[in-house]
Protein chains: 2
Amino acid sequence: MAVAELTPSYTKIHLHSSELSFLSTRLFNQRQCAFRPLPKTQHARISCSVAPNQVQVPIPVQTEDPKSKADCYGVFCLTYDLKAEEETRSWKKLINIAVSGAAGMISNHLLFKIASGEVFGPDQPIALKLLGSEKSFQALEGVAMELEDSLFPLLREVSIGIDPYEVFQDVEWALLIGAKPRGPGLERADLLDINGNIFAEQGKALNAVASRNVKVIVVGNPCNTNALICLKNAPNIPAKNFHALTRLDENRAKCQLALKAGVFYDKVSNMTIWGNHSTTQVPDFLNARINGLPVKDVIKDHKWLEEEFTVKVQKRGGVLIQKWGRSSAASTSVSIVDAIRSLVTPTPEGDWFSSGVYTNGNPYGIAEDIVFSMPCRSKGDGDYELVKDVMFDAFLRKKISKSEAELLAEKRCVAHLTGEGVAVCDLPDDTMLPGEM
Amino acid sequence: MAVAELTPSYTKIHLHSSELSFLSTRLFNQRQCAFRPLPKTQHARISCSVAPNQVQVPIPVQTEDPKSKADCYGVFCLTYDLKAEEETRSWKKLINIAVSGAAGMISNHLLFKIASGEVFGPDQPIALKLLGSEKSFQALEGVAMELEDSLFPLLREVSIGIDPYEVFQDVEWALLIGAKPRGPGLERADLLDINGNIFAEQGKALNAVASRNVKVIVVGNPCNTNALICLKNAPNIPAKNFHALTRLDENRAKCQLALKAGVFYDKVSNMTIWGNHSTTQVPDFLNARINGLPVKDVIKDHKWLEEEFTVKVQKRGGVLIQKWGRSSAASTSVSIVDAIRSLVTPTPEGDWFSSGVYTNGNPYGIAEDIVFSMPCRSKGDGDYELVKDVMFDAFLRKKISKSEAELLAEKRCVAHLTGEGVAVCDLPDDTMLPGEM
């Protein structure tokens, strides 16, 4: 039976019992959470646990360093020896996945997808590390409670916290979703600065405590430049490991081409989004294929391709907000799942996927030292290579140049956050995507 | 190649082009939606389609009866011959699944789970039929757009509408989530009447147009009595096919026992929720097991089991709302997935699951002709049998009787909706679950 190897982590409550006086939340009688808001430079801690006096099963000696699990939640505070049980013996090693903005709507979809096993597979036990803010802390507890109530067999640890130095400890994936949304009257340069500061801090935290080969996907906007800031603040992590999410744009572009051609979307392949996740993005109809044929051979309306297609892809989010009254959290989270899966499963022969990645020695002549969406292939090992056999024409080159210029301008605007001197903000037109402002 | 067999359903636009003048939504240049609000007794129609002038591929003759696909949306308006393509040849026959309240938060999670294949498996193509209201119609379009953008390979049809007689056509599953939530000042009897009317109409519609063996899961509250009303209005569908969702209660009960015992939730089995999905529900700790042992042998604090456990399960939703600011849409949708899976996969040896089902010849001595949550087992064929080897003691009997009395009172209160004469409303205390009022 499985009782003996289960180690309720009750000792943590003892360690932190004095902290209860700061901000204590008593969820129920048998569950206690202690939360100590400390100055930003120190590490705030949160611990939730089964209280010791409720534990009825035999309790083995607590051997693990209690500090390593300081942030656990409820039933996820127990420790498991997966190797000791028949059903879980063949499972992989637990994987640590951090999600920022964990109390938000995108995460509310994404966390349950990850926990269900649909992202990393049915033999991959999961530890979720949820990063929120002081304001969202109660909501984080709500998310953790719903994860408990979902009884996902693969979900073995959930921890919640507001300090990235705590939450990012040993993480192998960091899905950075949280960012301040653009409010009325907030200039784009202000947003770059505010969110840039968040991603600078998170980069430093990843650099300090994450796994040395952590993969980072930045979703919070402006995601390309946020990813650049993040990687510049994490010099000990390979720059290649940082991604800015352009997969939703890719998915939308495939759908629009399918609609136009009158085919199911699974017939569209080789879709690249080039450049910035903004209105300067370039959905590439020169290299994309429909039923294996060049798009231009299938869709004869080249005027539509050149003048309407890109706008349709970009405006999709805005139309959705108008229809649906909220932003596209469900399909965004699907695209994050797609982005992760593209890195952990081999790319189908002849196809590729788009990701915003660091332009270090790229074969396309794009400026170095920015984060630019480009076509990638993966062997399924978490890494990727840029695709070499792509075509360019004058139209595509011109579009790519415009997005490149924008990203270089954004980079100058955040120089104070990347360690490259004084920021000079000469941003061109406002190019935030509709639905994300 | 796959171009030839794809049949853009453009003829529908021609058929309904006069309807555009009523309430026309032009999503984009190439997509048109026509919606004709008709009196309730007639059948309103909605059709969205790729417009004919954008179709570039060879167009075979439209042979299918256009009426049968009158409600399709965007890229899902195409027709597919799955047998003609190598990747999809081995797939099962398309399954029609209706979801009411499709623009709501629970559906926003559930629809994407169903479309991803995690509910019915990787070889089961899916047709989703979304039922909304006139007010939510634009939001329904938003949901359909997000489903398009998610590029789910198994999702082959999406249709949206506001008339259950249209939407329920040939459905094999009806997941009835939509119901009016309890507002301030609304008495429970009023709610029973308002929602009862919705479920009476939906029962009639299922009776008229659904598959003769449709499985119905009622989620909208008060779900037991709504399910009773629904099945009474669908005399040509087996009463056994109707379920009221008590799976979230079961999941929460398992989690609370796990927390108390200090074990992972997968060690808790044989959990029954008896009775009504209300505060009279009875989470059964007499028959439940932890690590295969009776709960009372593992959790020695019997006072907690008798006095606190049930309250904790019931109040979970209320605590969540308090923490999280919204109701538990994510874990509710997980529990709906669990409920469906329990019917389409064989129940593990020795275990069971709970569902609110029709008490027709039940072995427990519970009043006949109500919908009561009881322990079930399934061979995985969509059907179930009640579990025979359960124990009762005086405590459990007394609790069950109270829930039974409540459901009989609710039944008298909706007699006008079940065809059993004049309603007499002598409801006991207000027993709506916290978080659902």
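Can you name the residue in the range B:328-368 that is buried (at least 16 other Cβ atoms within 10 Å of the Cβ) and charged (D, E, K, R) and is also farthest from the other protein chains (Cβ to nearest Cβ) among such residues?
B:Arg341
Does A:Asp351 qualify as being assigned to a loop (DSSP other than H, G, I, E, B) and in contact with a strand residue (DSSP E or B) (Cβ under 7 Å, 6 or more places away or on another chain)?
Numbers: assigned to a loop (DSSP other than H, G, I, E, B): yes; in contact with a strand residue (DSSP E or B) (Cβ under 7 Å, 6 or more places away or on another chain): yes.
So A:Asp351 passes the test.
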- [ ] Name the residue, out of B:Ile366, B:Ile336, B:Ile400, B:Ile340, that is β-branched (Val, Ile, Thr) and part of a loop (DSSP other than H, G, I, E, B).
- [x] B:Ile366
Open item on the list: Tally up the residues in the range B:217-238 that are over 16 Å from the mean Cα position of the chain (by Cα) and either among the hydrophobic types (A, V, I, L, M, F, W, C) or under 30 Å from B:Gly292 (Cβ atoms) (or both), please.
Closed with: 2
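Out of the range A:278-296, which residues are within 12 Å of chain B (Cβ to nearest Cβ) and either crowded, with 20+ Cβ neighbours inside 10 Å or touching a Ser or Thr at 6+ places or on another chain (Cβ under 7 Å) (or both)?
Initial filter on the range A:278-296 (within 12 Å of chain B (Cβ to nearest Cβ)): A:289-293, A:295-296.
Result: A:Arg289, A:Ile290, A:Val295.
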- [ ] May I ask you to verify whether B:Ile299 is open to solvent by less than 10 Å² (accessible area, probe 1.4 Å), at the interface with chain A (Cβ under 8 Å from one of its Cβ atoms) and among the β-branched types (Val, Ile, Thr)?
- [x] yes
Task: Conditions (1) surrounded by fewer than 17 Cβ atoms within 10 Å (Cβ to Cβ); (2) in contact (Cβ under 8 Å) with a residue 24 or more places away in the chain; (3) touching a Gly at 6+ places or on another chain (Cβ under 8 Å); number of the one not met by A:Gly325 - done: (2)
TODO: Give the residues of the range A:406-434 that are open to solvent by 50 Å² or more (accessible area, probe 1.4 Å) and assigned to a loop (DSSP other than H, G, I, E, B), sorted by residue number.
DONE: A:Gly419, A:Glu420, A:Val422, A:Val424, A:Cys425, A:Asp426, A:Pro428, A:Asp429, A:Asp430
- [ ] Could you give me the residue pairs with C-beta distances under 7 Å whose first residue belongs to the range B:252-263 and is facing another protein chain (nearest Cβ under 7 Å), whose second residue is assigned to a helix (DSSP H, G or I) and small (Gly, Ala, Ser) wherever it lies, and which are 6+ apart or on separate chains?
- [x] B:Leu259/A:Gly74
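May I ask you to verify whether B:Lys215 is open to solvent by 10 Å² or more (accessible area, probe 1.4 Å) and over 30 Å from B:Phe168 (Cα atoms)?
Working: open to solvent by 10 Å² or more (accessible area, probe 1.4 Å): yes; over 30 Å from B:Phe168 (Cα atoms): no.
No.
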Open item on the list: Need pairs with beta-carbon distance below 6 Å; first residue touching a residue at least 40 places away in the same chain (Cβ under 8 Å) and within the range B:129-144, second in a helix (DSSP H, G or I) and surrounded by fewer than 23 Cβ atoms within 10 Å (Cβ to Cβ); sequence gap 6+ or separate chains.
Closed with: B:Gln138/A:Lys323; B:Glu141/A:Lys323
- [ ] Can you confirm whether the range A:388-405 contains a residue that is open to solvent by 60 Å² or more (accessible area, probe 1.4 Å), within 30 Å of A:Ala98 (Cβ to Cβ) and more than 19 Å from the chain's Cα centre (by Cα)?
- [x] no
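Hey, among B:Asn233, B:Asn221, which residue is out of contact with any strand residue (DSSP E or B) (no Cβ under 8 Å at 6 or more places or on another chain), open to solvent by 10 Å² or more (accessible area, probe 1.4 Å) and at pLDDT 95 or above?
On the way: B:Asn221 fails: at pLDDT 95 or above.
Selected residue: B:Asn233, the only one of B:Asn233, B:Asn221 that is out of contact with any strand residue (DSSP E or B) (no Cβ under 8 Å at 6 or more places or on another chain), open to solvent by 10 Å² or more (accessible area, probe 1.4 Å) and at pLDDT 95 or above.
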TODO: Determine, yes or no, whether B:Lys92 is charged (D, E, K, R), part of a loop (DSSP other than H, G, I, E, B), open to solvent by 10 Å² or more (accessible area, probe 1.4 Å) and more than 12 Å from every other protein chain (Cβ to nearest Cβ).
DONE: yes
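For the range B:256-277, name all the residues that are part of a helix (DSSP H, G or I), open to solvent by less than 10 Å² (accessible area, probe 1.4 Å) and over 25 Å from B:Val219 (Cβ atoms). Break it down stepwise before answering.
Within the range B:256-277, the first condition is being part of a helix (DSSP H, G or I), and the residues that meet it are B:256-261, B:265-267.
So of that shortlist, the ones also open to solvent by less than 10 Å² (accessible area, probe 1.4 Å) come out as B:256-261, B:265.
Answer for the range B:256-277, where residues must be part of a helix (DSSP H, G or I), open to solvent by less than 10 Å² (accessible area, probe 1.4 Å) and over 25 Å from B:Val219 (Cβ atoms): B:Leu259, B:Lys260, B:Ala261.
Tell me, which strands (runs of 3 or more DSSP E) lie completely within the range B:124-182 with 1 or more residues that are within 11 Å of chain A (Cβ to nearest Cβ) and open to solvent by less than 30 Å² (accessible area, probe 1.4 Å)?
On the way: elements: B:126-131, B:155-161, B:173-176.
Counting at least 1 such residues, we get B:155-161.
The values are calculated or read from the model by the stated rules, or taken from the named source; none is laboratory data. Small disclaimer: the values here were computed from a predicted structure and weren't measured. For neighbour counting, all protein chains shown are included, and Cβ atoms are generated from backbone atoms with ideal geometry for every residue, glycine included. Each accessible area value is taken on the protein alone, full model and side chains, heavy atoms only, with ligands, DNA and RNA left out. Shrake-Rupley method; radii C 1.70, N 1.55, O 1.52, S 1.80 Å.
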